[in-house]
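The values are calculated or read from the model by the stated rules, or taken from the named source; none is laboratory data. This is a predicted model, so every value here is computed, not measured. For neighbour counting, all protein chains shown are included, and Cβ atoms are generated from backbone atoms with ideal geometry for every residue, glycine included. Ligands, DNA and RNA are stripped out before the accessible areas are found, and what is left, the full protein with its side chains, is counted by its heavy atoms. Shrake-Rupley method; radii C 1.70, N 1.55, O 1.52, S 1.80 Å.
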Amino acid sequence: MQPFTDIFPHQEPQFVNMISVRRLAKTCLTVIVLFLSFTLGTSANAQDGKTLFQTNCAACHAVHKKLTGPALAGVEDRWPDKAKLHAWVKNSAAFLKTGDAYANNLYNEYNKTAMNLFPNFTDKDIDAILAYIKTVPAPGAAPAGAAAGAAAPAAEGDNTLLFGILTLVLAVVALVLLQVNSNLKKLADDREGLPAVEPVPFWKNKSYIALVTVVLFIVGGYLTSKGAMGLGRSQDYQPVQPIYYSHKVHAGINQINCQYCHIGVYQGKQATIPSVNICMNCHLAINEYKGEKIYTDEGAEVDGTAEIKKLYKFAGFEEGKPWDATQAKPVEWARIHNLPDHVYFNHSQHVKAGQVACQTCHGEIQKMDEVKQFADLSMGWCINCHRTTQVQFKDNGFYSIYEKYHQDLKSGKIDSTKGITVEKVGGTDCQKCHY
């Protein structure tokens with residue numbers, strides 16, 4: 001590189017050094033801007049992948065354990081051809097017809113349960129989800145580079161605070177460099193005999209004030225909008241119930257059908273909470289818990305027999321005496337899933353007509369001891385499901401009125417592998433849920 005003394009042979013070394021510092025300051029500013037752009041862009045991409053994963057994938061997949069579908073950690077290693085992985089995610093039914101050995105083995109391994117179709121996903125969307133999957137550490141594992149013995153991070157690893165501190169530090173450095181640049185400009189003007197202009201401190205400079213105001217407005221608007229969109233959402237809400245009721249024991253180990261307790265799920269809008277009478281149908285005879293040990297999420301062991309005694313107290317039942325059901329009082333269960341009053345949701349329409357599995361909205365309920373709200377139940381979550389979920393047209397009398405769609409499927413005008421989504425039968429019309 002040609003030295004500055006060769007470029008400016010008649011200038012004093014002090015002036016040449018001043019030019020070097022000014023160029024260095026501008027270079028640093030450029031590097032800072034590029035770094036912030038890259039950092040924020042990467043963070044946004046990971047956030048997009050997290051949102052897409054939770055909205056579309058989390059009902060059937062976890063990152064580090066098997067659910068309805070396989071664990072997704074290392075999925076790119078299992079699919080060395082990314083183009084095939086993209087095709088599988090977008091339309092697994094069509095991809096199976098290509099005869100791919102791995103895809104067919106996977107389909108057979110999971111009891112020939114077809115994965116939901118995501119034809120609206122772009123390659124960029126899928127790559128964002130894959131990028132997010134890589135950021136989720138295994139349970140109990142410390143992140144790369146962590147000191148030995150350090151506490152294990154939360155499952156999702158939130159770097160927001162780190163990015164915030166780093167951004168603040170770089171912003172201060174940028175302001176200092178801007179002030180240095182201003183002072184150097186003054187020295188250069190003095191050297192050239194130009195009229196001296198006293199530099200304005202950055203805290204009084206209107207340009208800087210305007211820039212900071214715009215940045216604060218954008219950041220504040222983003223945080224306000226994000227907070228407003230989250231109002232009323234209660235994902236992961238897990239209240240303490242008056243009786244420790246384990247769905248894992250009842251629906252999982254003992255295989256009690258959900259509809260035995262939630263009798264309204266097939267018949268009406270509400271799934272209904274089981275009455276004490278329904279509980280006592282079994283617990284008149286079962287007065288002692290003899291199953292495997294139960295623990296709360298905090299690790300405390302639960303006395304199952306004592307919880308049955310709590311039920312007896314609500315029922316007004318004394319062992320060894322005839323039970324008078326008229327003396328029973330309802331158990332004051334804490335409601336977990338609750339939609340806003342302006343939203344119409346009908347369980348029978350989804351479970352009976354739509355043939356949607358309980359786990360789609362409630363997660364792996366048969367594996368939960370203490371139930372929590374699995375999905376955020378936001379409008380976007382519902383709409384995305386309607387856009388990607390196929391309607392069960394075959395052998396479903398509820399959809400017999402859609403003659404045109406049935407004819408189009410028979411004639412091949414509509415690809416049977418893509419099927420009819422809920423959106424095509426009006427599932428995204430505003431009046432379907434708000435009227």
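A few comments on the model shown:
- Residue within region 311-323 that is under 27 Å from Gln54 (Cα atoms) and modelled with pLDDT of 90 or more present: no
- Of the helices (runs of 4 or more DSSP H) contained entirely in region 184-301, those carrying at least 2 residues that are of a type in the set (D, E, K, R), open to solvent by 60 Å² or more (accessible area, probe 1.4 Å) and more than 30 Å from Gln327 (Cβ to Cβ) fall at 206-229.
- Residue in region 330-367 that is farthest from Val240 (Cα to Cα), counting only those that are small (Gly, Ala, Ser) and assigned to a loop (DSSP other than H, G, I, E, B): Gly354
- Test result for Lys309, assigned to a helix (DSSP H, G or I), open to solvent by 60 Å² or more (accessible area, probe 1.4 Å), over 19 Å from Gly252 (Cα atoms) and not hydroxyl-bearing (Ser, Thr, Tyr): yes
- Cβ-Cβ contacts under 7 Å between residues 6 or more apart (or on different chains), taken from a first residue in region 410-431 that is within 16 Å of Gln349 (Cα to Cα) to a second residue that is in a loop (DSSP other than H, G, I, E, B), are listed as Thr421/Thr389; Thr421/Val391; Val422/Thr389; Val422/Val391; Val425/Val391; Val425/Tyr402.
- All of Phe374, Phe393 fail the test of being under 30 Å from Met229 (Cβ atoms) and open to solvent by less than 50 Å² (accessible area, probe 1.4 Å), apart from Phe374.
- Annotation: Val391 fulfils all but one of (1) touching a strand residue (DSSP E or B) at 6+ places or on another chain (Cβ under 9 Å); (2) in contact (Cβ under 8 Å) with a residue 40 or more places away in the chain; the unmet one is (2).
So that you can scan it fast, the table gives a plain yes or no per residue for (1) in contact (Cβ under 8 Å) with a residue 12 or more places away in the chain; (2) farther than 30 Å from Arg335 by Cβ:
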residue: Lys186; (1), (2): yes, yes
residue: Arg191; (1), (2): yes, yes
residue: Lys206; (1), (2): no, yes
residue: Ala210; (1), (2): no, yes
residue: Thr224; (1), (2): no, no
residue: Gly227; (1), (2): no, no
residue: Arg233; (1), (2): yes, no
residue: Ile253; (1), (2): yes, no
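- Among residues of region 320-339 that are in contact (Cβ under 8 Å) with a residue 40 or more places away in the chain and open to solvent by 100 Å² or more (accessible area, probe 1.4 Å), those with a beta-carbon under 9 Å from a residue that is of a type outside the set (Gly, Ala, Ser) and not in a loop (DSSP other than H, G, I, E, B) at least six positions away or on a different chain give the pairs Lys329/Val276; Lys329/Lys313; Lys329/Phe314; Pro330/Val276; Pro330/Phe314; Glu332/Phe314.
- Per-region count, region 405-435, residues modelled with pLDDT under 80, open to solvent by less than 40 Å² (accessible area, probe 1.4 Å) and among the polar types (S, T, N, Q): 1
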